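Coordinate-derived values only; no laboratory data. A quick note: this is a predicted structure, and the numbers were derived from the prediction, not measured. For neighbour counting, all protein chains shown are included, and Cβ atoms are generated from backbone atoms with ideal geometry for every residue, glycine included.
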Amino acid sequence: MFPALLQLGQVAMPSAAQLPNETIFLVCKCYWTGTHMDLTDSLRSNDLGWMSLFKDVLAYDDPDLNQKLHFKDKSSPESFYFRTRKVVTRILLKYYQKHANGKYHAVNEPYAAEWLAKYNETFLQQMYAQLTKPNLPKTQYFMMKMFSSLGYYRPQLIENYVGPLLFQITPGFLQMRPEDEQVA
Amino acid sequence: MPREDDYSLTFTNTKLASTDLWICMCEIPQQPRDSLEQQLAPSSPKYLIDIFKYIVMKLEGANLIER
């Protein structure tokens, strides 16, 4: 099932000629549903395709759609744009917290070392960039949890991000804003 | 917008996650002191004060609106 899904996702990938659509959202959602409990050995050994797809989803940036965070129509391109990003972030958080985390279970350590060596820097750069852009609150939540998870698990891997996260990103989230006061 | 992204529902989670992240980053040994001091100037102290105020208020269980 997963190779066919991956092919579907690669075809449906948003681009200059194709707006974010339901297919890419559903492909990522299916991956999440199928893997959040555990990863199969074949997915572990052939993760390049999926990780490239997730990297492309996060890298896809549309300034027009970025302005439409408060969408009403769930079937609109902006809805799929933000929601696909949310699902991908959720998937990656699961990797950082579980699949690629030897602290979660020692048996995961060999794959964690391999996965982090191959993909960590790319995803960290993308996640950091995403924290400075408009995103759904849950997406931001997943990203911050991801950085925390890595910070507790392998702090040496995020040394370059400590300063910016400490002095630029988190203060923005911690400051009380007018909309916070309505719900606090 | 999906219900789970409703601002009123995600408010606490976002604040908790950012607090957790901030504490986690504080615990990670950082670059040499000079470089850290450079990062602190000029606007960072205000951020730090705001963060500590927020944490102190939370610890005291204060209602931020009433204050």
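Would you mind finding the one in A:L165, A:L150 that is buried (at least 20 other Cβ atoms within 10 Å of the Cβ) and at the interface with another protein chain (Cβ under 7 Å from one of its Cβ atoms)? Reasoning before the result, please.
Details: A:L150 fails: at the interface with another protein chain (Cβ under 7 Å from one of its Cβ atoms).
Testing whether each residue is buried (at least 20 other Cβ atoms within 10 Å of the Cβ) and at the interface with another protein chain (Cβ under 7 Å from one of its Cβ atoms) leaves just A:L165.
Could you check region A:28-58 and list, in sequence order, the residues that are of a type in the set (A, V, I, L, M) and surrounded by 12 or more Cβ atoms within 10 Å (Cβ to Cβ)? Steps first, answer last, please.
Looking only at region A:28-58, we keep the residues that are of a type in the set (A, V, I, L, M), and these are A:37, A:39, A:43, A:48, A:51, A:53, A:57-58.
Those that are of a type in the set (A, V, I, L, M) and surrounded by 12 or more Cβ atoms within 10 Å (Cβ to Cβ): A:L39, A:L43, A:M51, A:L53, A:V57, A:L58.
Conditions (1) without any contact (Cβ under 8 Å) to a residue 40 or more places away in the chain; (2) in a helix (DSSP H, G or I), marked per residue:
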| site | (1), (2) |
| --- | --- |
| A:L26 | yes, yes |
| A:Y31 | no, yes |
| A:V57 | no, yes |
| A:D64 | yes, yes |
| A:S75 | no, no |
| A:Y81 | no, yes |
| A:K86 | no, yes |
| A:T89 | no, yes |
